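These notes concern the structure reproduced below.
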Amino acid sequence: MRIVAGAFKGRALASVGKGDPGAHLRPTTDRTRESLFNMLSGGRFGDPITDARVLDLFAGTGALGLEALSRGATHATFVDDGTKSTSLIKQNIGICEAQAQTKLIRRDARKLPENPGAPYDLIFLDPPYGKGLGETALTQALKQNWIAKDALIVWEESATIAPPEELTYLDARKYGDTTITLLQA
């Protein structure tokens, strides 16, 4: 796994290795991540990355948030409660030398407290597949003021999703068994 483009382009991220079977780590492939960011920067959705505040829920390795930072986002907050995940995110933040631009919250993404700061413009949501966790996490993030008005939400899932009604469907693309759905707050 590596950063595909931008300031951190080519940096090899920490290896997931065999990982933790209970951690449900299945990092977004470089090719899928590259396709996703090409779609985001293609102009159809404006420029959702430059100067964005990014919230990476179920962050896993942190690759999506770090890719956004590499391409011009100003800040990324990573949320994950897994021991293996938080270790990998810390390693990857170090590899990208992005400590000043990041925050790591070790917490279940479905149980976010009230957001103490400004809401986020670009949200990545990559929950364990087929468990319905994304719906709960997004509902909580909206309720607790983590998601800005007009924020772009990128939801990676293998099963059919049921987004909260406050969100508007924009587009969806299928990559193997993964569907990436774009929604707007």
Discussion item. Going by what's in this entry, would Thr86 be described as assigned to a helix (DSSP H, G or I), touching a Lys or Arg at 6+ places or on another chain (Cβ under 8 Å) and more than 13 Å from Thr61 (Cα to Cα)?
Written reply: no
Worksheet, complete the sentence: Looking across the stretch 149-166 at residues that are in a loop (DSSP other than H, G, I, E, B) and in contact with a strand residue (DSSP E or B) (Cβ under 7 Å, 6 or more places away or on another chain), the single one that is nearest to Gly46 (Cα to Cα) is Pro163
Worksheet entry | Tally, over the stretch 70-104, of residues that are over 15 Å from Pro127 (Cα atoms), free of Cβ contacts under 8 Å to residues at least 60 places away in the same chain, of a type in the set (A, V, I, L, M) and crowded, with 19+ Cβ neighbours inside 10 Å | 5
Item to complete: Kindly establish whether Leu142 is out of contact with any Lys or Arg (no Cβ under 9 Å at 6 or more places or on another chain), under 19 Å from Phe37 (Cα atoms) and at pLDDT 95 or above.
Response: no
Discussion item. Tell me whether the stretch 124-140 contains one or more residues that are surrounded by 14 or more Cβ atoms within 10 Å (Cβ to Cβ), among the hydrophobic types (A, V, I, L, M, F, W, C) and part of a strand (DSSP E or B).
Written reply: yes
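The values are calculated or read from the model by the stated rules, or taken from the named source; none is laboratory data. All of these numbers come straight from a predicted model, not from anything done at the bench. Note: ideal-geometry Cβ built from the backbone for every residue, glycine included; neighbour counts use all protein chains shown.
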